[in-house]
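Below is one structure; the comments refer to it alone.
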Amino acid sequence: MAIELRHLRYVVAASRCGSLRRAAAALGVEQSAISRRIRDLEDELGASLFNRHSGGVILTHAGKKFVRHARQALSEVSCAAADVAPVGRGEEGVVRIGIFSSLASAPMATGTAMCVSTL
């Protein structure tokens with residue numbers, strides 16, 4: 001099983017909210033989805049991330065370690081998306097314009113095609 005961003009979001013939200021129900025409400029998903037994904041993740045990791053009780057959830061020692069890294073990973077992904085967004089909108093980047101060498105020795109006629117690419 002690969003760890004998905006949603007697994008990280010669910011664990012971080014549950015740790016922040018102290019409850020799977022409140023985490024589900026905050027994320028706009030069903031509680032059963034959060035509960036199932038966290039349980040799958042715990043099974044894959046071989047460690048419980050939460051102690052569950054009637055009032056909610058509390059991070060275990062392993063959970064505290066995992067959440068620290070999960071927050072950092074989510075932050076890095078957010079930074080990566082923000083870093084490339086201006087390029088995708090054409091606000092940042094490089095434009096290169098070139099002409100064929102055979103055209104460089106002759107005067108350019110109207111309608112001559114040029115090669116334009118962006119990097």
_Can you give me the accessible area per residue for segment 2-91, using a 1.4 Å probe, in Å²?_
61 Å²
*Could you pull out every residue, at least 5 positions away or on a different chain, whose amide H is within less than 5 Å of the one on Val57? Hs are placed 1.01 Å off N in the peptide plane, and Pro or chain starts have none.*
Ser19, Leu20
*State whether segment 32-77 is rounded, prolate or oblate according to the following rule on the C-alpha gyration tensor (a ≥ b ≥ c being the square roots of its eigenvalues): a/c under 1.5 gives rounded; otherwise a/b larger than b/c gives prolate, and the remaining case gives oblate.*
prolate
*Between Val95 and Cys79, what length in nm is gained on full extension when 0.36 nm per residue of separation is reduced by their alpha carbon distance?*
3.3 nm
*For Arg52, Arg36, give the ranking by accessible area with the largest first, probe 1.4 Å.*
Arg36, Arg52
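The values are calculated or read from the model by the stated rules, or taken from the named source; none is laboratory data. All values derive from a computational prediction rather than experimental measurement. Just the protein is used for accessible areas: all its heavy atoms, side chains included, with ligands, DNA and RNA removed. Shrake-Rupley method; radii C 1.70, N 1.55, O 1.52, S 1.80 Å.
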